[in-house]
Amino acid sequence: MEEPPTGAARAPEPKRVFIKTFGCQMNVYDSERMAEALASEGYIETEDVAEADLAILNTCHIREKAAEKVYSDLGRLRDAKRARASEGKQTVVTVAGCVAQAEGEEIIRRAPAVDLVLGPQSYHRLPELLAKVSRGDGAIVETTFPDEDKFGALPARKPAKAVTAFLTVQEGCDKFCTFCVVPYTRGMEISRPVAALVDEAERLVDRGVREITLLGQNVNGYHGEGSKGKATSLAGLIRALAKIEGLARIRYTTSHPRDMSDDLIALHRDEEKLMPFLHLPFQAGADRILAAMNRKHTAHDYLMLVERIRAARPDIALSTDIIVGFPSETDADFDRTIALVETVGFAHAFSFKYSPRPGTPASTMDGQVPEHVKRARLERLQGVIEAGYARFNGAVVGKTVQVLFEKDGRHAGQLVGRSPYLQLVHANAPPSLKGQIVDVDILNAQPNSLSGVIRGLQ
Ligand code: SAM
Ligand code: SF4
């Protein structure tokens with residue numbers, strides 16, 4: 001290698017940012033956008049806190065456990081900040097995301113090492129706020145819901161090369177389920193315009209992305225501005241995105257049963273780029289509990305909806321979210337949840353113990369269920385859900401599925417990808433197949449993944 005000439009000016013050391021993401025896919029997307037905004041300011045990402053000039057925790061407030069994890073991480077960041085300070089280095093500690101929004105000043109009180117508290121609607125202001133912190137203006141808390149459009153103000157996307165990507169199309173929620181903090185932390189529902197989303201998707205596809213998952217807390221309630229300023233539904237947005245050459249697969253999450261419109265259901269039949277997988281939370285099987293949750297659908301409504309969806313796309317894989325131990329839930333109510341899981345037959349499900357969240361109506365309702373009862377119900381429910389995984393994955397053994405290979409597998413010579421039904425599939429495959437959709441004959445099913453051989457590669 002050529003030596004630099006003596007006396008030549010050295011390039012300044014790049015600044016390094018450590019980002020840890022908690023919670024949902026929307027936080028993953030937000031972290032990527034923050035990293036991109038910081039890259040324009042000369043930051044590169046690091047996984048080592050000890051070398052980070054800036055450490056960001058992008059946090060989740062949905063359940064108590066998720067929020068408390070942040071404080072234990074802040075203890076570790078405080079120690080790293082001290083160690084770096086003893087070497088004369090500055091570390092700016094930032095708490096972003098929904099804990100930042102919900103707890104604001106309280107974070108600085110509990111964790112004085114924090115320099116910046118930043119709500120999810122203000123990420124575009126990150127460079128400007130960091131400059132203020134560096135000037136020694138003291139700790140800053142920015143948790144307003146600004147008037148300007150965060151997405152419009154963020155720099156255009158320059159994502160890293162990848163096969164799959166998230167794209168936030170809708171944010172916030174006006175549904176006010178009585179257990180949920182989202183309407184308070186993410187604000188009212190907003191939808192991004194179709195043109196901006198098509199532009200962002202095209203940039204992703206130019207970087208090699210073949211599959212995009214559209215994100216929103218109520219993604220099927222999407223109603224962004226389309227051509228001639230007219231509101232466009234999620235089905236309309238998907239139709240526009242499906243025209244992008246090179247984009248092979250489209251998914252969306254999370255949907256509310258109340259917003260599952262006929263045109264979206266029909267699109268599952270008509271649009272081959274739209275994958276046969278639908279995450280449709282039902283939360284509880286007893287109508288009394290659903291009413292107390294303010295879900296505005298009954299168990300029967302949910303079953304009728306599933307019937308309509310399966311009539312349009314019989315092979316669709318369904319996934320859901322379920323809460324056990326909502327205030328006043330009895331054993332008989334919980335049995336209805338189990339019955340609904342068994343009747344529908346889910347390919348996948350997330351299940352949670354009800355966690356009282358400050359400021360939400362359910363947190364002060366009578367009949368809070370004891371922890372040991374919630375634990376026992378969750379255990380029973382998870383047994384039923386796992387039996388469902390085994391049935392769903394077992395049913396594809398001996399069949400051929402189209403797999404989009406995403407990355408290297410655990411073993412040498414292996415790639416891993418996803419079936420149309422979002423199942424993880426491992427197969428021996430050359431690296432050149434990354435980003436390709438390939439027929440794989442499925443030989444084995446485990447509860448959480450499949451393995452097989454590529455057609456024509458035996
Ligand atoms: N918008 C989606 C919907 O309507 O179903 C869900 C968004 S939320 C981020 C994800 C899941 O977290 C919810 O579906 C619910 O099952 C769970 N969740 C929300 N608040 C909860 C709480 N207080 N305790 C336990 N689980 C909760
Ligand atoms: Fe929370 Fe979803 Fe209900 Fe909105 S619809 S309040 S995000 S659970």
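Could you list all residues from the range 200-218 that are more than 16 Å from ligand 1 (Cβ to nearest atom) and under 16 Å from Leu264 (Cβ atoms)?
Selection gives nothing.
State which residue is surrounded by the most Cβ atoms within 10 Å (Cβ to Cβ) when the search covers only the range 188-200 and only residues that are more than 10 Å from ligand 2 (Cβ to nearest atom) and closer than 17 Å to His256 by Cβ.
Across the range 188-200, the extreme among qualifying residues is Ser191.
Can you pull out the strands (runs of 3 or more DSSP E) entirely within the range 359-435 that have at least 3 residues that are aliphatic (A, V, I, L, M)?
Passing ranges, in order: 400-408, 424-428.
Has the range 241-252 got any residue that is at pLDDT 95 or above, over 25 Å from Gly417 (Cα atoms) and surrounded by fewer than 22 Cβ atoms within 10 Å (Cβ to Cβ)?
no
Quick one: which residue in Pro155, Pro183, Pro127 is touching a Cys at 6+ places or on another chain (Cβ under 7 Å), of a type outside the set (A, V, I, L, M, F, W, C) and within 21 Å of Val28 (Cα to Cα)?
Only one candidate qualifies: Pro183.
For Ala156, work out the one condition from (1) within 20 Å of Leu247 (Cβ to Cβ); (2) of a type in the set (Gly, Ala, Ser); (3) touching a residue at least 60 places away in the same chain (Cβ under 8 Å) it doesn't fulfil.
(3)
Check whether at least one residue in the range 316-327 is within 16 Å of ligand 1 (Cβ to nearest atom), farther than 17 Å from Met293 by Cα and touching a residue at least 24 places away in the same chain (Cβ under 8 Å), and report yes or no.
yes
Before we move on, is Phe346 under 22 Å from Ile62 (Cβ atoms), surrounded by 21 or more Cβ atoms within 10 Å (Cβ to Cβ) and more than 15 Å from ligand 2 (Cβ to nearest atom)?
Spelling it out, Phe346 is indeed under 22 Å from Ile62 (Cβ atoms), surrounded by 21 or more Cβ atoms within 10 Å (Cβ to Cβ) and more than 15 Å from ligand 2 (Cβ to nearest atom).
Can you name the residue in the range 136-183 that is among the β-branched types (Val, Ile, Thr) and assigned to a loop (DSSP other than H, G, I, E, B) and is also farthest from ligand 2 (Cβ to nearest atom) among such residues?
Going through the qualifying residues, I end up with Val163.
Only one of (1) closer than 27 Å to Ala165 by Cα; (2) within 15 Å of ligand 1 (Cβ to nearest atom); (3) without any contact (Cβ under 8 Å) to a residue 40 or more places away in the chain fails for Ser227. Which number is that?
(2)
Within the range 42-60, count every residue that is buried (at least 22 other Cβ atoms within 10 Å of the Cβ) and under 11 Å from Val93 (Cβ atoms).
Selection size over the range 42-60: 5.
Of everything in the range 309-343, what is aromatic (Phe, Trp, Tyr) and surrounded by fewer than 18 Cβ atoms within 10 Å (Cβ to Cβ)? Give them in sequence order.
none
Between a residue in the range 83-99 that is assigned to a loop (DSSP other than H, G, I, E, B) and any residue that is of a type outside the set (Ser, Thr, Tyr) and buried (at least 19 other Cβ atoms within 10 Å of the Cβ), which pairs come within a Cβ distance under 7 Å, given they are 6 or more apart or on different chains?
Listed pairs, sorted by first residue: Gln90/Asp53; Thr91/Ala52; Thr91/Asp53; Thr91/Ala55; Thr91/Ala80; Thr91/Lys81.
Take the range 273-298 and flag every residue that is under 14 Å from Arg258 (Cβ atoms), among the hydrophobic types (A, V, I, L, M, F, W, C) and over 21 Å from the mean Cα position of the chain (by Cα).
Residues satisfying the conditions are Leu290, Ala291, Met293.
So Thr144 passes all but one of these: (1) modelled with pLDDT under 95; (2) within 16 Å of ligand 1 (Cβ to nearest atom); (3) β-branched (Val, Ile, Thr); (4) more than 18 Å from the chain's Cα centre (by Cα). Which condition number does it fail?
(2)
Tell me which residues, restricted to the range 273-295, are crowded, with 23+ Cβ neighbours inside 10 Å and on the phi > 0 side of the Ramachandran plot.
Gln283
Take the residues in the range 212-232 that are under 15 Å from Ala196 (Cα atoms) and polar (S, T, N, Q), then tell me which one is surrounded by the fewest Cβ atoms within 10 Å (Cβ to Cβ).
In this case the residue turns out to be Ser227.
Scan Thr168, Thr178 and give me the residue that is within 11 Å of ligand 1 (Cβ to nearest atom) and hydroxyl-bearing (Ser, Thr, Tyr).
Of the residues listed, the single one that is within 11 Å of ligand 1 (Cβ to nearest atom) and hydroxyl-bearing (Ser, Thr, Tyr) is Thr178.
Out of curiosity, is Thr185 within 16 Å of ligand 1 (Cβ to nearest atom), farther than 30 Å from Val438 by Cβ, of a type in the set (S, T, N, Q) and in contact (Cβ under 8 Å) with a residue 60 or more places away in the chain?
Yes: the conditions hold for Thr185.
The values are calculated or read from the model by the stated rules, or taken from the named source; none is laboratory data. It should be emphasised that the depicted structure is a prediction, and the values quoted were computed from it without experimental measurement. No Cβ is skipped: glycine too gets one built from the backbone with ideal geometry, and neighbour counts run over all protein chains shown.
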